[in-house]
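Undergrad: What follows is a single structure, and I will ask about it in a moment.
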Amino acid sequence: MASPSAAFQPHDHAHCCDDVLARAAAVAAANGLRLTPVRQRTLEILLESHHALGAYDVLQRLAAEGYGNQPPVAYRALDFLVAQGLAHRIRRLNAFTACMNPGTLHAPAFLICRACNAVAEAPAAPVRVALDAAATALGFAIERSNIEAVGLCPTCRGRA
C-alpha cells in the first residue's frame, strides 16, 4: 500500500508510478479486462503527479498524443479506471486522480491541498466506522461515500 505522505513528500516517483501501473495491469487481467492503450495512457497521465486532473485536461493530453479529441475518449477511459478501482473521482475538484492502491479493498479519505491541488489517499477506516455508526443511529444505510478534506500540504504551508 502506498504511503499517504508520498503525495506531499519527495519520493522515487518513477518507482511509485511503475508499481501502480503494474498493479493496475494485474487487476485488469485478473478481472478479464483489457487495459487498452488509451486506458493505460490515461492512467499514466493521472500518475504523472499526485495532482487531480479534470477530464478536459486529460483529453487535451490524449488528443496531443493522437488518441482523439472528442470528450468520450477521455470520459470512457476515466469511467473504466474509476469502475475498476484504478482511479478515483475527486468530487470537490470535479477531477480524477490515480488510485495509489489498486487491487486492495479500501475506502480512502482524500486530502486535497487547496493551493496546489495535490491529492493524497489517507486510510479512512476510523472515519468510515464513525460515519456508519452515525448513519445507523438515524436509520440510514450508506451506499456510497466520498470523504474529502481540504487544507494545505506541507510544501504550501511552508510558503504561506
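Undergrad: Confirm whether THR97 is within 18 Å of ALA24 (Cβ to Cβ) and in contact with a His (Cβ under 6 Å, 6 or more places away or on another chain).
TA: The answer is yes for THR97.
Undergrad: Could you tell me which residue of the range 89-102 is nearest to the chain's Cα centre (by Cα), considering only residues that are in a loop (DSSP other than H, G, I, E, B) and touching a residue at least 60 places away in the same chain (Cβ under 8 Å)?
TA: Among those that are in a loop (DSSP other than H, G, I, E, B) and touching a residue at least 60 places away in the same chain (Cβ under 8 Å), it is CYS99.
Undergrad: Restricted to the range 103-155, and to residues that are in a loop (DSSP other than H, G, I, E, B) and among the charged types (D, E, K, R), which residue is nearest to LEU47 (Cα to Cα)?
TA: Among those that are in a loop (DSSP other than H, G, I, E, B) and among the charged types (D, E, K, R), it is ARG114.
Undergrad: Among the numbered conditions (1) surrounded by fewer than 21 Cβ atoms within 10 Å (Cβ to Cβ); (2) modelled with pLDDT of 90 or more; (3) closer than 27 Å to LEU152 by Cβ; (4) among the hydrophobic types (A, V, I, L, M, F, W, C), tell me where ALA98 comes up short.
TA: (1)
Undergrad: Would you confirm whether any residue within the range 65-86 is on the phi < 0 side of the Ramachandran plot, crowded, with 20+ Cβ neighbours inside 10 Å and not in a helix (DSSP H, G or I)?
TA: yes
Undergrad: A further question on this structure: Checking the condition surrounded by fewer than 18 Cβ atoms within 10 Å (Cβ to Cβ) and either closer than 20 Å to LEU21 by Cα or touching a residue at least 12 places away in the same chain (Cβ under 8 Å) (or both), which residue from ARG114, ARG144 passes?
TA: Matching residue, one of ARG114, ARG144: ARG114.
Undergrad: Turning to a different aspect of this structure: Going through the range 22-43 one residue at a time, which ones are touching a Leu at 6+ places or on another chain (Cβ under 7 Å) and over 14 Å from ARG76 (Cα atoms)?
TA: ALA24, ALA25, VAL27, ALA28
The values are calculated or read from the model by the stated rules, or taken from the named source; none is laboratory data. Bear in mind the structure is a predicted one, so any value in this text is a computation, not a measurement. Positions of Cβ are generated from backbone atoms using ideal geometry, with glycine treated the same way; all protein chains shown enter the neighbour counts.
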